[in-house]
Amino acid sequence: FDQVKCVIFDFDGTLVDSQRANYELELVLLKEFNAYISEEEYNDLAGLTYVQLSDHLVQKFNIPLTAGQYFEKRQKLFFEEYVPNFKETPGALKLLETLTSNNLKCGIASASSPETFECFFIHNPEFKKHISCVVTCDELGISKPNPIVYKECIKRLGCLENETVIFEDSFVGLIGAKKVCKVCCVLSSDDKEMLKREIA
C-alpha cells in the first residue's frame, strides 16, 4: 500500500447509511400507487441513477406518471425529509480524517445526483473538507457498473489507477471498480451479496 496516493469511495451505503432510507422513501411513494418492491429487489437496482431508477419503477408498476414526474416527486420528498438526516456509516468520517492526515486524496464516485451532495455537504461540512472531488454518474450520463465514473474521479484527483484504492458496497459497483483498480475494499452486511462479490 506504500504506492497508494488516493482513495475513492462510493457514497450510498459506503460513506453514509442511506440505502435503507432510500428504500423506505420508495415504499412511501409506491404505496400511493398500490405498488410494492421487496428490499432485496430494490438493492439489486443499486448503481442506477435516481432518474434511471424512477424510469424503471414507473414502467415496472405501470405508474400513471411520466418518469420525470415521478422523479420530481421523489426528489422533493428526498431532499426535504431524507438527505438532511443521513447518518454516516460507523467510522467513515474517522477513516477520511486518517487518510487525509496522511496526505492521501479522497474522492467520491457515485450514482447519487450532484444535488444530493450539495444538500448533504450543507448539513455535513465536516465531510466536505476531506473530499477533493465528487464525480456522479448523472453528470457523465452513465450508470454503474460502467467504470468511467471511477476513471474520471482518478483523473480529477491527479492520480493513476495503480495508485488508487476503491471502497464499494454494491455488487454492481464492485464489477466496475475491479475493471479500474486491483485493490477494492467491499463493505457489506449481506452474506449472500458478499458471496457474489467473492466470486466476481
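The values are calculated or read from the model by the stated rules, or taken from the named source; none is laboratory data. In this text the structure is predicted, and so the values were computed from the model without any measurement. Methodologically, a virtual Cβ is constructed for each residue, glycine included, from the backbone with ideal geometry; neighbour enumeration extends over all protein chains shown.
Just a few scattered comments:
- So residue 81, is it closer than 24 Å to residue 167 by Cβ, at pLDDT below 95 and loosely packed, with under 15 Cβ neighbours inside 10 Å: no
- Tally of residues being farther than 10 Å from residue 42 by Cβ and of a type in the set (Ser, Thr, Tyr) across region 12-29: 2
- Any hit, region 69-86, residues being more than 23 Å from residue 48 (Cβ to Cβ), among the β-branched types (Val, Ile, Thr) and assigned to a helix (DSSP H, G or I): no
- Residue 112 vs. criteria modelled with pLDDT of 95 or more and under 17 Å from residue 20 (Cα atoms): no
Rundown of residues vs (1) among the hydroxyl-bearing types (Ser, Thr, Tyr); (2) closer than 17 Å to residue 8 by Cβ, yes/no style:
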site: 82; (1), (2): yes, no
site: 90; (1), (2): no, no
site: 94; (1), (2): no, no
site: 99; (1), (2): no, yes
site: 104; (1), (2): no, yes
site: 115; (1), (2): no, no
site: 134; (1), (2): no, yes
site: 142; (1), (2): no, yes
site: 147; (1), (2): no, yes
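- Residues satisfying the stated conditions in region 89-139, i.e. exposed (fewer than 15 other Cβ atoms within 10 Å of the Cβ) and in a loop (DSSP other than H, G, I, E, B): 90, 91, 102, 103, 129
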